Amino acid sequence: ETNRNEVNELISDFKASEKKNTGNLAMVMLRSLRLASQSSSPELPDMVVLYEDMRQFLSRSLKDKFESLKDHVEGTESFDEGVRVLKEVEADFKKGLASHISSPELIEEIRNQRRLWSESQSKVHRLFLQKTITEDLVKEWKSRLERSDPERIIGRIFPWGQSSFHSLRRTATSRVEEIIGSAENAMSCGEYTSLHEFIDLLRMMERHLDCYIPRARKGAQALEDAACSAFRNICTETKESMLYESRRGEFRDSYTSYRQIVTAMPFVAKSFENQREFGAINQLVHETLKRDINKLNEWKETFDFHALKKQIDHLRTFGSFVADYVTLLYGHVRNSDLENDEWLSKTFQLCQKHFYHGRNYAQINLFALLDAPPSATKQEINKAFRAKSKLTHPDRAKAHKARRQGDKGAMFRLINDTKDALMPGAPERRVDESAFSTFIRDIPVEVRKLTKTFLEEQRYDEVAKLLFHIKELRLVEKFVLPHLQSSETVAEVFDFVKDHVEQVKSRVHSAWVDRRYQDLNLCLADLKLMEQSFISYPKVFSIDWKGVIYESIEQEIVSLGQKARTCLHSKSHAETHMDDFRRCFIDMGKVLIELAQFKEFTRARMNEVLEECLCHEWGHEYLFKFGQGLQRADSDSSEEENLVSQMVLSEFKHFQEVLTMVWNEETAQKPVEDSVNAIRGSGVVVDSILLLKSYQLYEGEYQSLLGQFLHPEGKIEELVKRVRDLGTRIRPGTCDANWSGSTRRELPVLVAGIFAVFTF
């Protein structure tokens, strides 16, 4: 809510200020200005200009300070101060300052300069180590202190020796403090090898001078505790650089620090807590690498070759680093007294499987001795040997291993022998990374195989996805030598699909010629599915595939309908040619039932024939007889035709009365006379003759009512009224009542009327 003038005054005050405590204020101000500059509020019109002005000012100021610092550091070689200042700047970058600097080149220059100064700082420390205390000097100190110790007899005899004793102890204590200070600087710069040597030196002084200079023991313990704490912090940074995608770019630096501290000071990974952190980092590296490798199959199976290219690029960078330096840590662990870690072993095996080209894993222990990656060239091995020999040469009094009694020269000879063993098998120049070359070469073969499988299994959506992505195969063709011929693979895939389409079309034609409607329906459905997936690819699927075959099938249906109509010229002609009429209907019924795509068309043609039949006076009677014929199973007809007959009856309302009569035909499996004579009553005399006459009366009345009312002009209301009047006249009675003769005659008529109503 600060107005514009107040903002300008605040910025001016900040620019004029040189106080260190303005850093947080600057970060808050910059974040606020950036948010304000992104606002569309009319109350903040100048925030974009103000924010840009601040960015430019900040970049210029940082550039000036950086150049001034460079002049000072390079002029005085005070790399400690330079590294410290640039580390503070990089810490501010991580807190968000980098996003407000207008020059990304300046940020990168500062980071590169910090790395260069760190290397120079390391060289200065090594030079300083060459001039530090030797064990012989410490022994001399101890001898002098013992001779002048006031607590000893000689000191009591010559009390003036106390001054010499205290002076010498102060000198030795001062040198211990110098060592502790150098060790602390080495830790702050990440020089863990130097730090370990300082700690060893303090422990050596502790062995000889602890009774005189306890500061050496306390300092060594404090440094070891600080190293363990630094190890845990590095583990945290390494985990975050792998877990958060935005920080993945920091992984190389953080893991390098992690490897260096474990290699230089194995004791940091021996406590329970740190050992657990050590295992967690190794597990995370393994699972991340394995997950990234598995993604290759995921992208290949979905034919996303663009994502596949990015993943291979990523793996050839990230995976190569892991294959060089995680396996190098594995070798260091095997050479040290640390317990072997299962996740390091698994990562080593994973690298052996996928990143074997140009790497000598068989001699990983020797590479670890030189601290050179398994992909090192002859030149890199020589460079690593020179660096290592400086630390292990016998002439170097403070060499980490050689200074111990009986071990002088042994480590140097081991390093020299290691170099001689590695040189013959090392390449002259670094081999280009070619991980997953076999995987890439197999892609065309697998694509062809998958195409055929998808086509056979009618997974046309997958085929369409492949056709959409297949041209992107060119993105990965140059990842291997010789290059993939992606254009040939693309052409083959399209040919596979086109040939499959043509084969199905051929089966459609064959099934239609042989009137194999079920096969024809399956093939047409198959083509329909392909049309939905391949409509965008006219080279493999023509959109006019329906033309000829659909026209032939529809023409056949129309022809059958016309032939059926020719049977309906007259009643006598229709009755004479009822078999022909039935054959036409059965043939159309097969199409109706088995060719789902032509069901509505066929049904419409069959319905037209039935409606034309009803246009004749005799039409209802004819269709009734025709329906009864369909209902009865014909011994001369096939099972398929009888099934078609039943389906036709159920499909059209014109045969409703036939379906209503079905129960009669299903239950009347023997003559009516036999059924009547078989009726027996318990304590009741059955008049079979009267019952048979009643049935005959019912049958005649029912047929008469159908003839009167079952036609387009028939009115159901009249039939219902007649039945209602008859029922009212009879009135309900009990079975025990003695029915009159007229009632007995009217009951069959009433039943016939009721069934006629249901039939209507």
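The values are calculated or read from the model by the stated rules, or taken from the named source; none is laboratory data. Only a predicted model underlies this, so the values are computations on that prediction, with no experimental measurement involved. Cβ: placed from backbone, ideal geometry, glycine included. Neighbour counts: every protein chain shown. In case anyone asks, the SASA skips ligands and DNA or RNA and just uses the protein heavy atoms, side chains included. Shrake-Rupley method; radii C 1.70, N 1.55, O 1.52, S 1.80 Å.
Checking the condition touching a residue at least 24 places away in the same chain (Cβ under 8 Å), open to solvent by less than 30 Å² (accessible area, probe 1.4 Å) and farther than 30 Å from Asp200 by Cβ, which residue from Ile415, Ile443 passes?
Checking each option against the conditions leaves just Ile443.
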**OP:** Being outside any helix (DSSP H, G or I), among the aromatic types (Phe, Trp, Tyr), over 29 Å from Thr438 (Cα atoms) and open to solvent by 30 Å² or more (accessible area, probe 1.4 Å) narrows it down to one of Tyr550, Tyr537, so name that one.
**Re:** Tyr537
**OP:** Residues being part of a helix (DSSP H, G or I) and open to solvent by less than 30 Å² (accessible area, probe 1.4 Å): count how many of those fall in the range 179-195.
**Re:** 9
Subject >> Filter result (farther than 19 Å from Phe541 by Cβ and either assigned to a helix (DSSP H, G or I) or open to solvent by 20 Å² or more (accessible area, probe 1.4 Å) (or both)) within the range 465-482 >> reply: Glu472, Leu473, Arg474, Leu475, Val476, Glu477, Lys478, Phe479, Leu481, Pro482
**OP:** Please verify whether the range 589-600 includes one or more residues that are out of contact with any His (no Cβ under 6 Å at 6 or more places or on another chain), within 30 Å of Phe626 (Cα to Cα), in contact (Cβ under 8 Å) with a residue 40 or more places away in the chain and among the basic types (Lys, Arg).
**Re:** yes
**OP:** State yes or no: is Glu617 surrounded by fewer than 19 Cβ atoms within 10 Å (Cβ to Cβ), under 20 Å from Tyr702 (Cα atoms) and modelled with pLDDT of 80 or more?
**Re:** yes
Original post:
Any idea how many residues of the range 353-387 are over 19 Å from Arg334 (Cα atoms) and assigned to a helix (DSSP H, G or I)?
Top reply: 12
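Is it true that Thr317 is surrounded by 15 or more Cβ atoms within 10 Å (Cβ to Cβ) and assigned to a helix (DSSP H, G or I)? Let's see the steps before the verdict.
Details: surrounded by 15 or more Cβ atoms within 10 Å (Cβ to Cβ): no; assigned to a helix (DSSP H, G or I): yes.
When the stated conditions are applied, Thr317 does not pass them.
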Original post:
So, in the range 575-588, of the ones that are surrounded by fewer than 21 Cβ atoms within 10 Å (Cβ to Cβ) and either touching a Ser or Thr at 6+ places or on another chain (Cβ under 6 Å) or aliphatic (A, V, I, L, M) (or both), which residue ends up farthest from Lys625 (Cα to Cα)?
Top reply: Ile586
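From Ala397, Ala426, Ala511, which residue is out of contact with any Phe, Trp or Tyr (no Cβ under 6 Å at 6 or more places or on another chain), closer than 30 Å to Met205 by Cα and at pLDDT below 90? Walk me through how you get there before you give the answer.
Numbers: Ala426 fails: closer than 30 Å to Met205 by Cα; Ala511 fails: closer than 30 Å to Met205 by Cα.
Among Ala397, Ala426, Ala511, only Ala397 is out of contact with any Phe, Trp or Tyr (no Cβ under 6 Å at 6 or more places or on another chain), closer than 30 Å to Met205 by Cα and at pLDDT below 90.
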**OP:** Of the numbered conditions (1) open to solvent by 90 Å² or more (accessible area, probe 1.4 Å); (2) charged (D, E, K, R); (3) at pLDDT 85 or above, Glu492 fails exactly one; give the number of that condition.
**Re:** (1)
**OP:** Would you mention how many residues in the range 329-371 are polar (S, T, N, Q) and open to solvent by less than 20 Å² (accessible area, probe 1.4 Å)?
**Re:** 1
**OP:** Filter the range 726-749 for residues that are at pLDDT 75 or above and surrounded by 11 or more Cβ atoms within 10 Å (Cβ to Cβ) and give the result.
**Re:** Leu726, Gly727, Arg729, Ile730, Thr743, Arg744, Arg745, Glu746, Leu747, Pro748, Val749
Subject >> Unmet requirement for Leu243, which otherwise passes all of (1) under 22 Å from Arg115 (Cα atoms); (2) under 42 Å from the mean Cα position of the chain (by Cα); (3) open to solvent by 10 Å² or more (accessible area, probe 1.4 Å) >> reply: (1)
**OP:** Please tell me if Asp432 is at pLDDT 90 or above and open to solvent by 60 Å² or more (accessible area, probe 1.4 Å).
**Re:** no
Original post:
Yes or no: Glu462 part of a helix (DSSP H, G or I) and open to solvent by 90 Å² or more (accessible area, probe 1.4 Å)?
Top reply: no
